[in-house]
1. Regarding T156, is this residue exposed (fewer than 13 other Cβ atoms within 10 Å of the Cβ) and β-branched (V, I, T)?
2. Go through region 167-214 residue by residue and tally those that are small (G, A, S) and in a loop (DSSP other than H, G, I, E, B).
3. What residue, among those in region 187-200 that are over 15 Å from the mean Cα position of the chain (by Cα) and modelled with pLDDT of 95 or more, is surrounded by the most Cβ atoms within 10 Å (Cβ to Cβ)?
4. Does V63 fit the bill of being farther than 16 Å from A26 by Cβ, among the β-branched types (V, I, T), assigned by TED's automatic domain parsing to the domain that holds K25 and modelled with pLDDT under 90?
5. If the Cβ limit is 6 Å and pairs must be 6+ apart or interchain, which residue in region 251-274 that is more than 19 Å from S194 (Cβ to Cβ) pairs with which residue that is among the polar types (S, T, N, Q) and outside any loop (DSSP other than H, G, I, E, B)?
6. Being of a type outside the set (V, I, T) and assigned to a helix (DSSP H, G or I) is true for just one of L294, L265. Which residue is that?
7. Based on what the data block shows, is E249 out of contact with any helix residue (DSSP H, G or I) (no Cβ under 7 Å at 6 or more places or on another chain), surrounded by fewer than 20 Cβ atoms within 10 Å (Cβ to Cβ), part of a helix (DSSP H, G or I) and outside the structural domain of E185 (by TED's automatic domain parsing)?
8. Of the numbered conditions (1) surrounded by 20 or more Cβ atoms within 10 Å (Cβ to Cβ); (2) out of contact with any Cys (no Cβ under 9 Å at 6 or more places or on another chain); (3) in a helix (DSSP H, G or I); (4) of a type outside the set (G, A, S), V230 satisfies every one except a single condition; which is it?
Amino acid sequence: MSNELITVLDYIEREKGIDREIIVKAIESALLSAAKKRYGEEADLEVSIDSKTGNINVMHDGVDVKSGEFGRIAAQTARQIITQKIREAEREVIFQDYQTKIGDITNGIVHRFEKGNIIVDLGKSEGVLSFKEILPKEEFKQGNRVRALILDVKKTNKGPQIVLSRTNAGFVSRLFELEVPEIYEGIVEIKAISRLAGERTKVAVSSKDDKIDCVGACVGVRGSRIKNIVRELQGEKVDIVRWSEDIKEYVKAAISPAKVASIELYLDEKKLDIEVEDDQLSLAIGKRGQNVRLASKLVNWSINIKSQSQGHAVIEEKKLDKQESVLDKISGIGKKTLDALVEAGFDDIDVLNNSTADDLTKVKGVGKKRAEQIIEELKDLT
């Protein structure tokens with residue numbers, strides 16, 4: 001028994017990565033439970049195992065008891081408890097391991113689809129990648145390889161649940177670390193990221209070494225590094241912005257590719273007015289307001305853009321949920337749908353007037369009929 005136990009302990013410690021003392025305690029607990037079934041819950045019992053020799057000692061009222069006297073039922077109970085304890089210990093090891101990996105990228109294989117989620121085989125455990133955490137145009141099939149960010153780890157009755165994401169801004173940050181050695185080594189620093197997954201991302205970077213161009217390092221020779229990142233993001237546009245302590249210079253870089261004519265700051269409110277040439281207005285705003293919204297989130301200031309001649313303005317508030325939208329006036333739109341439309345960029349009258357029903361149907365929760373209704377009512381409102 002002792003030699004067999006030592007062999008089992010060695011195997012579990014080596015193959016499962018579980019500390020042998022955890023297993024020893026589990027076996028002691030199992031044997032104590034089995035002994036109580038034999039001698040009663042109130043019996044004075046002690047169980048100890050020598051983790052080096054595998055010797056088992058069971059004491060009943062101070063007298064040594066032979067383990068064989070527990071009987072067949074007690075032995076079965078002991079094996080069941082041992083199995084349970086080992087499983088629990090193994091799950092705890094996996095949980096603790098992945099806890100330290102939150103925020104890192106992991107690789108896996110699509111195993112199955114379950115209740116609107118993609119279950120990813122990570123080797124020792126399974127990850128959960130919900131469809132809202134994948135890019136809009138992505139499709140996965142069983143057996144496909146997938147790379148994702150470890151967003152969270154939760155304890156469940158079935159073991160650790162590893163929550164994955166490909167839409168989180170942290171996923172882009174980690175991709176840059178993998179592709180750009182200067183970022184991994186800490187020479188180039190990512191200062192901020194704003195992302196609309198599947199559409200566009202802006203990444204603000206700076207260099208701690210004057211000899212290293214932070215933007216050039218991220219782009220790579222002939223764009224090799226940024227191309228690899230964009231390929232992983234399924235063609236999502238990525239703007240690399242040069243960070244600056246000078247907010248005006250920072251904003252000019254953030255609003256790129258549009259060129260800024262003038263900037264007026266309101267420091268107390270963290271707001272600024274940007275003036276652009278007439279032909280730069282649509283570029284500054286971007287498709288469905290993407291460019292100005294992402295720039296606003298990147299610099300953490302509220303941005304108001306206007307053209308020089310028309311004085312036309314588009315206001316991008318820091319918190320989208322506090323915006324006043326023309327959509328509020330359209331009948332039959334619930335709060336969830338309204339929030340989804342605002343989050344997708346349909347929060348300004350000019351953006352909406354330049355949109356089609358097909359554009360609106362790309363927003364989650366908006367069907368073709370509802371999109372046509374919104375476009376029709378907009379005509380009356382404007």
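The values are calculated or read from the model by the stated rules, or taken from the named source; none is laboratory data. What you are looking at is a predicted structure, and each value in this text was computed from that prediction instead of being measured. Every residue, glycine as well, gets a Cβ built from its backbone with ideal geometry; the counts of neighbours run over all protein chains shown.
1. Working: exposed (fewer than 13 other Cβ atoms within 10 Å of the Cβ): yes; β-branched (V, I, T): yes.
So T156 passes the test.
2. So the first thing to find is which residues in region 167-214 are small (G, A, S), and the list is 169-170, 173, 186, 192, 194, 197-198, 204, 206-207.
Subset that is in a loop (DSSP other than H, G, I, E, B): 186, 197-198.
Residues in region 167-214 being small (G, A, S) and in a loop (DSSP other than H, G, I, E, B): 3 in total.
3. Pass one, region 187-200, residues over 15 Å from the mean Cα position of the chain (by Cα): 187-192, 199-200.
If we keep only those that are modelled with pLDDT of 95 or more as well, we get 187-192.
Values: I187: 16, V188: 24, E189: 14, I190: 21, K191: 15, A192: 18.
Ranking the candidates gives V188 first.
4. Working: farther than 16 Å from A26 by Cβ: yes; among the β-branched types (V, I, T): yes; assigned by TED's automatic domain parsing to the domain that holds K25: yes; modelled with pLDDT under 90: yes.
Answer is yes for this residue.
5. So the pair list comes out as K259/Q280; D273/N304.
6. On the way: L265 fails: assigned to a helix (DSSP H, G or I).
When all the criteria are applied, what remains is L294.
7. On the way: out of contact with any helix residue (DSSP H, G or I) (no Cβ under 7 Å at 6 or more places or on another chain): yes; surrounded by fewer than 20 Cβ atoms within 10 Å (Cβ to Cβ): yes; part of a helix (DSSP H, G or I): yes; outside the structural domain of E185 (by TED's automatic domain parsing): yes.
So E249 fits the description; yes.
8. With respect to (1) surrounded by 20 or more Cβ atoms within 10 Å (Cβ to Cβ); (2) out of contact with any Cys (no Cβ under 9 Å at 6 or more places or on another chain); (3) in a helix (DSSP H, G or I); (4) of a type outside the set (G, A, S), V230 is out only on (1).
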